[in-house]
Every structure is written in C-alpha cells, then in structure tokens.
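Down below is the structure, laid out as structure tokens.
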Amino acid sequence: RVAGRVGAGAQVSLVDAYGKGNGLFHVACPPQLNPHGIVAVEVEGDSMSPAYPPGTILFYSREALGVPTEAIGRVCVCEDASGRAWVKHIKPGLEEGTFSLISLNPHHDPQHGVRLQWAAPVKFSLPPEFVKIVG
C-alpha cells in the first residue's frame, strides 16, 4: 500500500489516516525488495526532480525514531519536528541535532537547521511512468 505522500517542495503533513492494509492506493512491491517492513510513499512537488519527479513511488523501511548514521549523505524520507514529511538529501546541520535538507532541483533552496523526528534512506524508487496500481 502507498501509505501517503512526501513533500519535494510541497509541504505535506505526515498523516496515516488509513486502516491497516489500506492506503492511497496499492502498488506491487518491486522484486528487488523483501516486502516485509517496506513502506511506500508518493512524491508530491518537484524539488527532487529530475531524479524523483512528482508521482514517483519511494520505498523505504524504518526500525525506530531518530536519524541513523546511514541516513547522513543519502536521499531519505524523513519527518521534521512539526510533522511534515519530506524526501531530501540529508546533511549534518551547523548546530548539534539539526540537519540540512537539500533539494536536487537547483531552483529550490536548501532548508538549514531542521530538527528531524526520523529519517530513512530510500531503498528503491519507481518512476511515475512505471507505477501500476494493483487491486
């Protein structure tokens, strides 16, 4: 199931308003991934284009709150302290406990000094032209 949307320029609140097994829609889990513990979200906005244009489905997994070391320097799905969900390239911030969220699209400014609840590296992405909604 696609659990919700993440902002790539758009400001998207992280809300899981769907019952277990439900979501925005369902997509097949790519054969490269074990579906156990995998979450799928849809990109909204163009700040991560051209790599992740709007409508891209991102797959990630997350074990706990926090920002693991393997998330630093990678493109991640993350939630900031105010409950907004993002897909961004994560770098350490200037102040302890903060991060810089970097867009791939040069027309979007980076966000600095962001406090994150959690971050999870993107494991796989499915471009919009290959998204097939199932059952």
Could you check which residue among Val43, Val87, Val114 shows the biggest mean-square fluctuation in a GNM of the chain with a 10 Å Cα cutoff? Val114
Mean-square fluctuation maximum in Gaussian network of the chain, Cα pairs under 10 Å, restricted to Gly45, Gly113, Gly37, hits Gly37
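For Phe130 and Leu65, what is the calculated FRET efficiency with R₀ set at 25 Å and r taken between the beta-carbons, to the nearest 0.05?
Values: r = 32 Å, r/R0 = 1.26.
Working from the Cβ atoms, E equals 0.20.
With the radius of gyration and the Kirkwood radius both derived from the Cα set of the range 20-119, what is their ratio Rg to Rh? Working shown, then result.
Values: Rg = 14.0 Å, Rh = 14.5 Å.
Expressed as Rg/Rh, it is 0.97.
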Net charge, Gln117 excluded, C-beta distance under 9 Å - Lys, Arg +1, Asp, Glu -1: -1
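Around Ile38, with a cut-off of 11 angstrom between Cβ atoms, what is the net charge of the other residues, counting Lys and Arg +1 and Asp and Glu -1? Present the calculation step by step, with values, prior to reporting the outcome.
Working: positive: Arg1, Arg62, Lys123; negative: none.
Net local charge, Ile38 excluded: +3.
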If every alpha-carbon in the range 34-91 counts as one equal scatterer, what log10 I(q)/I(0) does Debye give at q = 0.16, 0.24, 0.27 1/Å? -0.53, -1.16, -1.34
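Can you give the local net charge around Gly55? Use residues other than it whose beta-carbon is closer than 14 angstrom to its beta-carbon, Lys and Arg +1, Asp and Glu -1.
In short, -2.
Every number here is computed from the coordinates shown, using simple stated rules; none is lab data. Just so you know, these numbers come straight off a predicted model, no measurement behind them. Glycine also receives a Cβ, built like all others from the backbone with ideal geometry; neighbour counts cover every protein chain displayed.
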